[in-house]
Amino acid sequence: MSHVADVLRAKGRAVVLTVPPDAEVARVAQRMRQEQVGAFVVSPDGRRCDGIITERDIVNGIARSGPACLEQRVSALMSPAVHTCHRDDSVRSVMRTMTDARVRHLPVIERDELCGMISIGDVIKTFVDDADLEHSVTRDAYLAQRSR
C-alpha cells in the first residue's frame with residue numbers, strides 16, 4: 001500500500017507553490033493557468049499553511065461579486081480551514097479524506113511545516129498504479145502455480 005511520501009516522490013516536485021495572502025486574485029488566476037495547477041497554498045513565508053485558494057474559490061467569488069472579485073486579495077476568497085495530510089498517511093486514507101471533505105488538494109505538513117501538496121489526480125494515479133501492480137503479481141503467481 002502506498003503512502004503520501006510515495007506520491008510526492010513520484011511527482012518529483014520538491015517546491016510547493018504558494019501565494020501570499022495579500023496577492024491579487026487576478027494574478028493568482030493567471031499563475032494557476034501558467035503553472036497548470038488548480039490550487040495554491042496561501043502562505044506568507046512558504047513554510048506555514050494559512051489557507052488554500054482554489055479554482056472553485058475564485059469561481060465562487062466571481063459568482064458572488066462579479067469581475068470585481070479579481071481585484072480582491074487572496075485572503076478574501078481563500079479557505080482558511082484547510083484539510084491536510086502527512087507523509088506517512090496511506091493513499092487510501094487520503095482518498096477518504098478528499099472524498100468526505102469534497103476537496104481536490106491537500107497540503108502535506110511535516111513537523112508543522114509545509115512540505116508538499118497532492119491533488120486528487122496524484123492520488124488516483126498512485127491508487128491505479130498500485131492496483132495494476134497487485135494485478136500483475138497475482139497473475140504471475142497464478143501462472144507460476146499453473147505451470148507446476
* Asked: Using the alpha-carbon atoms, what tilt in degrees (0 to 90, nearest 10) does helix 25-35 show relative to the longest principal axis of the chain?
  -> 30 degrees
* To do: Quick one: dipole size for the chain, taken about the Cα centre, charges +1 on Lys/Arg Cβ and -1 on Asp/Glu Cβ, in debye to the nearest 20.
  => 320 debye
* **Fewest-first sequence of T97, T138, T18 by Cβ atoms within 10 Å of each Cβ** => T138, T97, T18
* Asked: Taking the structure as given and computing Kirkwood radius over Cα pairs in Å, which label from (i) 16.2; (ii) 15.7; (iii) 16.7 fits?
  -> (iii)
* Could you check which residue among G66, G46, G38 shows the biggest mean-square fluctuation in a GNM of the chain with a 10 Å Cα cutoff? => G66
* Structure fact -> Longest principal axis of the chain (C-alpha) makes with the long axis of helix 91-101 (C-alpha) an angle, in degrees to the nearest 10, of 40 degrees
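Any read-out appearing in this document is the output of simple, stated calculations on the displayed coordinates, not a laboratory observation. Note that the structure is a prediction, hence the values are computed from the model and not measured. Glycine gets a Cβ as well: all are built from the backbone with ideal geometry, and neighbour counts include every protein chain shown.
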